[in-house]
Structures are given as structure tokens and as C-alpha cells.
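So the structure is just underneath, and the comments pick up after that.
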Amino acid sequence: MRIADDIWHRVRKLREAIEQHNYNYYALDAPTIPDAEYDKLFQELQELEQHYPQLITPDSPTQRIGAAPLKAFSQIVHRMPMLSLGNAFKAAEVDAFDRRVRQTLGVDSVEYAVEPKFDGLAVSLCYEGGIFITGATRGDGYIGEDVTLNLRTIRSIPLQLQADGYSARSPVFMEVRGEVLMLKADFEKLNRQQREKNEKEFINPRNAAAGSLRQLDPGNTATRRLTFLAYGIGACEGGNVPRDKHSRVMDYLASLRFPVARERNVVSGATALLEYHREIEELRERLPYDIDGTVYKVNDLAQQEKLGFVSRAPRFAVAHKFPAQEAVTELLGIDVQVGRTGTLTPVARLKPVFVGGVTVTNATLHNEDEIRRKDVMIGDTVAVRRAGDVIPEVVAVQKEKRPPHAKFFIMPEHCPVCGAKAVRLPGEAVTRCTGGLFCPAQRKQAILHFASRRAMNIDGVGHKLVEQLVDNAIIRTPADLYKLGITALATLGRMAEKSAGNVIGAIQKSKNTTLARFIYALGIRNVGETTAKDLARYFGALDRLMEADAEDLQQVPDIGPVVAQSIASFFAEGHNREVIEQLRAGGVRWEEGAGTQQAKADSSAGLSRLSGKTFVLTGTLMNLTREDAREKIEALGGKVAGSVSKRTDYVVAGTDAGSKYHRAVELGIAILDEAGLLQLLQDSQGGLHSTSRNL
Ligand code: IVH
């Protein structure tokens, strides 16, 4: 049957559009259409291909998924070995690296290409004549596993290099190297789904990515969102691949539409390397994926060749690692703590150990099931993990080291704080105190959470103060904080009038907040920061959120029945409504808008004017903290990056702006002062139809 030209045409257009959206989403991290629109395009293409199977080609986006399960992976021998990198942990080691490089090359200063070190799985992707042919894991560096079918399901990996950058002179053969990662947001989503299904959660994005990539059934891999970031080229034959600088190789890969780190840069000298490392460490938590350090590579490829290799690592590159996030120590005992929702959490008391850059003496054991699953006993030698600001946790036991006197842990039957009965509901992993807000521990935790940095951000309202305030019956709920006077605080004795004044000042300052922070601060079970942001974006106003029933709540992207139910139950509780009323009456306020629920109809893109725009902040702002500026930009869909690159849209320069400002000038990037930023934010808000209203 001859297929009409218009159908051919439509199929081609759909494929182009879908790959373009894949690229925007995964490589540029700047989607231009909502997920639902993307799904529609995809479905239309699938239907056309079902109708006209002769139209299906291997490079169609629909063919990324759908290969049959394998019995085992076969092996692939790498054309060029995939080596490892030498490590540096301290500044002195970075200095020594730079010195060695300079000495070997006989030069005074060396230019380095610098990048984050991605914490994923190394893979090699082979393209022949511009077509993705095979992909393999690193394996032992010489032989890896053939995971081609699984890699094909990763939408940021081009199946065909036909985009702008590919010309007739492109390589006959090219091996692109990089890491497969799971974005933090996708990892959280995956674990949220696992929780909803009562299935085991993954420990970290790296493990989740590894587990997903090594599935024998590519159909399973396709259900997990993985992504890829390129960091170099391996074997290569022919073509117009740059041969002079690593940074140009990376630009070339980017032009072929491979995702590369936005944060890559070129700097000279050891001091600049260390400054880059600090910047990236500062940015680490806000990056969409996990990293475990930075990588410095001599930029000049001729110099790289001259430096050569030592054993299995290049002399021209080094990985500057962040402090290890895991360490081994002894478990001295297990205490039980009561959380803000009454959860009884077994906490390991540890022999002090240095991990993640600090000394750790306590780590969570999560719950009874986890203790059984990991088979933890008091007296064991355990591995402890501390990643960023996350609470340290016991991840594993070294059973071979278990002493004969090791003790079994039993969960108490009563709350250790208020004595109320502790229950574990069927199907739940946690044991809870039934004392509710009568339990002082729960009350304290709720208040502490409310005041915490990522919630209402009230400086000075910490453990000790809350403990005293609650124990002396000065406050009972978060709303009582706003009724506190200096005299009440001063009666605590411990506090000088000046610091009491500071605390009151911080409480007053916290009144101006955002809806997302406020929702998060309420401490609703299962509502973390991300969900709070999702809710704020969707509803735009607190009253609309409070009125939503469990069914409405499930309309919010990523919210399932369990989370929806805990939100609905929270707002159904009279006591909670009362506290919220008191908070509003006490002057807590935020800006409200229509929310995407309403805005959806208005803007077919469903996105604000700042969406996809990248900002870099530098220097001191007068009226906003950097954190405030970042929040406001993000609330409107923009992003804030740590360093200036060609992809930066705006540099916001305060007073004393330094090298970033000069780089922006050099690259011809728009520079805003603080007033300019505020104006832009205001204009962009118009795009979301926000009505600002004080509560
Ligand atoms: S360059 C000769 N750049 O780290 C090896 N590697 O510890 C050159 N890695 O096997 C590798 N991010 O899998 C390079 N930006 C980056 C990287 C990176 C992560 C991994 C890579 C390598 C391992 C070495």
C-alpha cells in the first residue's frame, strides 16, 4: 500500500518534534511544553506507526522501548580502555598535581578544562556513520557489558547524529563516553512510587540508576527515567572532531546534542581550580543530579599526550573528591526518638566517626523493619552514610565482625516521652506514639520543623529553646511563636535581653514568606519540600489547597493516593485549621497567584516567562539575600546556576561583582542590577496572572 505523502510528512514532523522535546528536556533542562502535550505527540506517532507498520524505522522515538528481554548481557571489548582517575582530597594534593603537570610540560601556567564529577555509571556509546550502534558499561575497564537496548531507552542519548552539528565530515566511528545518572527529582519520584506500592526504596540515585541500567528487560529500564551526561570522546576515526582542546571537544559534543555539564569551564592555575571546586561544592545540593567531586583535565590535547598515563590513570587529569560520605564505626546503642508526626525512630548511638566532612555520633536506623532487614544488632560494626544535609544513616552491617555479646533490639510498646501506647498499623513500617499533640515530643518537633531553615527560616529557634518553651508551657503550637514577647523569653533566664530581641526579630522577619515554605512548614505527613512546592505551584492559594479533597489533590502532578490522603486528613483536622488561622491572624503572609490549575487554560505552554532561563548571581544584593533571589527566580520557573557559561541568560550583578561579571561581559550575556532583576520578576509574574494579596 502506498502511504500518502501527508502521512509521511506528519510522521517525520512528529519524530523531529519529539526528539527536539527530548533534547530540550534532558540535555538543555529547559522543557518548552508540558508533559501532557509531549505524551500527546508521542501517542499520535505510536498510533500512526501502528496503523502503518512499514513506516517504523529503528531511529523512531517509539523504538527506544520495546525490545524483548535478554537472558544475559553479552560482553563488549572497549576499543580503548576506560581508565580511572587519580584522586585528590586536599588543596595540597591539587597544588601538587598542578606542579607536576607544569614541571613535566616545562611551563609556568596550565589551562584546565574543569567539570563536576558525575556520580553515576560510566558508559561508552559507539556511533557508526552517525548511528548509535552499541553501548557498554565500563566493566573492568577493558571489557564491559552490552547494555545497548537499555541505553536506547534513555531519551537524552541521540539515536542518530543528524542534528545541526553533524556534517558529512563527521566521524566514521566515534565513541562517546559519559555517565548514566538518575536525576534527583526522578529518584525521589521513583521512591515515592515505591512507597505508594509498598515496595523497597532505593538507597541513592546512583544505585537506582545502576539497578535500572542493568535490567535484562529493557521494558523495565524504560519505566525508569535515566539520563546521560557526556564527558569525553574515546576511540574515533575520521571526521571533523576538534583535535586541539578538550573544551572544544565538549562544545562539539554539545553541538551534536549530547547533554554535557552546564557547569563546565576553563580556568588556569591551581588557585582557580580550588575556587572552581568551592563553587561547585556550594552548588552541589542544588544541582539536579548527584556529583562526588570535580574533575580537572589539562585542556590542551597535545599537552595531554605529552603527559601520558601512569598505570591505569592519566597524568593529565585528576578527580578532586568531596569528603567521603560513608565510614565504618561501632554501634554503641539504640535510642528511640519521637518525631513530629509521632513516628518512633530508632537512632543509632555511634562511636564518633568523621564522615561527609563532620564528626557524626548519631545516625538514623529508620524503623523496625529496616533494622531487621539490615540485621543490625547493638555492638555491631556498621557503615554510616552522611550525604549533604541529609540525616546520617546506618546503611549496612559488617556481620563478620559481630561480637558474641551483640544485643537484639526490640521496639518499645509505649512512647518513651509521653508514655502513650505505641502502635504499628498493619501495612505500615513505622511505629507511632498515639499521644498526638499532647505528647511534648511531637509538639516540640512540629515547632522545630516549622522554624527550620527550609521552612519558615527562623534564626535562633533551635532545639534547646523549643525544649524550654514547651516544657515551661510558654508555647504549645507554632502559632504561639508569633505571640512571644521579650519578657516571656527573658524569663527563661538563659537568654540575655539582646539575644531575646534577636529571636523576636527573626520571628517577625519570618512572617514574610512564600506559600511553598508555609505548606512545608506545616509538617504534613508525606509532604516534603518538593511536594510543598508542587502544591503551591498548582493551587496558588492556601484556601484552594485547604478546600481540595483527596481526589482533587491527585490531580497535582506526582501526587498519589497516599500523599493525597495525608494532606486531606491534615486539613480536615479542626486543630490544624485553628493553628493556620492563628498564624494568618498573627501576620504570616505570602503572595498568592492563580496556580497552574487555573493558569493551565490561559497558557497553553503552562509555563512562566522565566521557565528555562538560567541566572547567575554575583556580588552583594542590597534588598534581597541570594537565597531570596533564588527562590523568587525558581518560583517563576527560572534556574540559578553557579558559574557563567554560554548557556547563561542573565547575570545578576550586585556590588563587588567579580570574575563572573567580567565573564558575562566577555560572553555578551545580559547583565541585570538588583532593580533590573526585581523588574523582570514583576513583569514575569504578570505572565502567571498572579494577584498579590496579603493574608
Ligand atoms: S574523565 C581517563 N570526567 O569518574 C578517565 N570522568 O574516577 C577520564 N567521571 O571512570 C574520565 N564524571 O566514569 C571524567 N566529568 C567527568 C567525570 C568522570 C565522572 C567518572 C568516570 C571515570 C571515573 C574515574
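The values are calculated or read from the model by the stated rules, or taken from the named source; none is laboratory data. Bear in mind that the values here come from a model prediction, so they are computed numbers and not experimental data. For neighbour counting, all protein chains shown are included, and Cβ atoms are generated from backbone atoms with ideal geometry for every residue, glycine included. Only protein heavy atoms, including side chains, enter the accessible area calculation; ligands, DNA and RNA are left aside. Shrake-Rupley method; radii C 1.70, N 1.55, O 1.52, S 1.80 Å.
Considering only ASN22, ILE671, GLN194, and ranking their Cα positions along the charge dipole of the chain that arises from unit charges at the beta-carbon of Lys, Arg, Asp and Glu, the one farthest toward the positive end is GLN194.
Taking 0.36 nm per residue of separation and subtracting the Cα-Cα distance, full extension of the segment from ASP39 to SER84 would add 12.2 nm. The stretch between ASN198 and ARG577 holds 133.4 nm of extra length on full extension. This uses 0.36 nm per residue minus the Cα-Cα distance.
On the principal axes of its alpha-carbon atoms, the chain has extents of 79, 64, 58 Å, going from largest to smallest.
Taking the Kirkwood radius as the inverse of the mean 1/r across Cα pairs, report the Rg/Rh of segment 612-656.
Details: Rg = 10.0 Å, Rh = 10.6 Å.
Reported Rg/Rh, Kirkwood definition of Rh: 0.94.
The residue list ILE143, ALA185, ALA254 was ranked by how far each Cα lies along the charge dipole of segment 111-267 toward its positive end, using unit charges on Cβ atoms, and ALA185 comes out on top. About the centre of its Cα atoms, segment 170-290 shows a dipole size close to 260 debye [charges on the beta carbon of Lys, Arg (+1) and Asp, Glu (-1) only; nearest 20 debye]. Overall, the anisotropy analysis places segment 532-604 in the oblate class: the square-rooted eigenvalues a ≥ b ≥ c of its C-alpha gyration tensor yield a/c not less than 1.5, with a/b not exceeding b/c.
Here the contact order of the chain, divided by its residue count and restricted to Cα pairs under 8 Å and six or more residues apart, works out to 10 percent. Just to compare against my own numbers: the Cα pair-distance distribution for segment 214-302, 10 Å bins, whole % per bin, please. Final binned percentages: 13, 37, 32, 16, 3.
Model label sites at GLU627 and ASN207, defined 7 Å from Cα along the beta-carbon direction, differ in position by 3.0 nm.
Helix 497-509 axis versus longest C-alpha principal axis of the chain: approximately 60°, rounded to the nearest ten. Dimensions of segment 48-184 along the principal axes, based on C-alpha atoms and rounded to the nearest Å, stand at 65, 37, 32, largest first.
What pairs in LYS117/LYS200; LYS200/LYS533; LYS117/LYS297 have C-alpha atoms more than 18 Å from each other?
Values: LYS117/LYS200 28 Å; LYS200/LYS533 25 Å; LYS117/LYS297 12 Å.
Among LYS117/LYS200; LYS200/LYS533; LYS117/LYS297, the Cα-Cα distance tops 18 Å for LYS117/LYS200; LYS200/LYS533.
For segment 412-542, list log₁₀ I(q)/I(0) at each q in 0.14 Å⁻¹, using the Debye formula over Cα point scatterers of equal strength and ignoring solvent, two decimals each. Per q value, in the given order, log10 I(q)/I(0) is -0.72.
Using a 1.4 Å probe on the protein chains only, how many percent of the accessible area of the chain belongs to carbon and sulfur? If you can, show how the numbers build up before the last one.
Values: 16750 of 32980 Å².
About 51 percent, which is the carbon plus sulfur part of the accessible surface.
How much length is gained if the chain between ASP5 and ASN24 is pulled fully straight, taking 0.36 nm per residue apart and subtracting their Cα-Cα distance, in nm to one decimal? Please list the in-between numbers first.
Values: separation 19, 0.36 × 19 = 6.84 nm, distance 2.83 nm.
Answer, rounded to one decimal: 4.0 nm.
Size check on segment 321-360: the Cα extents along the three principal axes, sorted descending, read 38, 22, 11 Å.
Using DSSP to call loops (not H, G, I, E or B), can you name the trypsin sites (Lys or Arg not before Pro) in segment 237-282 whose Cβ has at most 10 other Cβ atoms within 10 angstrom? Don't skip to the end; give the middle numbers.
Working: sites: ARG243, LYS245, ARG248, ARG257, ARG262, ARG264, ARG278; in loops: ARG243, ARG257, ARG262, ARG264.
Sites meeting the loop and neighbour criteria: ARG243.
Between ALA68 and GLU497, the distance separating the two model label sites (each 7 Å from Cα on the Cα→Cβ line) works out to 8.5 nm. When nucleic acids and ligands are ignored and a 1.4 Å probe is applied, ILE391 ends up with an accessible area of around 120 Å².
Determine the per residue accessible area of the chain with all protein chains present and a 1.4 angstrom probe, expressed in square angstrom.
Numbers: 32980 Å² over 695 residues.
Each residue of the chain exposes 47 Å² on average to a 1.4 Å probe.
Short version: what are the Cα gyration tensor semi-axes of segment 42-89, square root of 5 times each eigenvalue, largest first, in whole Å? Each step should come with its number before you reach the end.
On the way: eigenvalues 297, 50, 24 Å².
Computed over segment 42-89, the values are 39, 16, 11 Å.
Would you work out which of THR361, ALA564, HIS320 lies farthest towards the positive end of the dipole of the chain, given +1 charges on the beta-carbon of Lys and Arg and -1 on that of Asp and Glu, about the Cα centre? Result: THR361. Dipole size of the chain about its Cα centre, with +1 on Lys/Arg Cβ and -1 on Asp/Glu Cβ: approximately 1160 debye, rounded to the nearest 20. Dipole size of segment 257-391 about its Cα centre, with +1 on Lys/Arg Cβ and -1 on Asp/Glu Cβ: approximately 380 debye, rounded to the nearest 20.
Taking label positions 7 Å along the Cα-Cβ direction at both ILE143 and GLU428, the computed distance is 5.2 nm, reported to one decimal.
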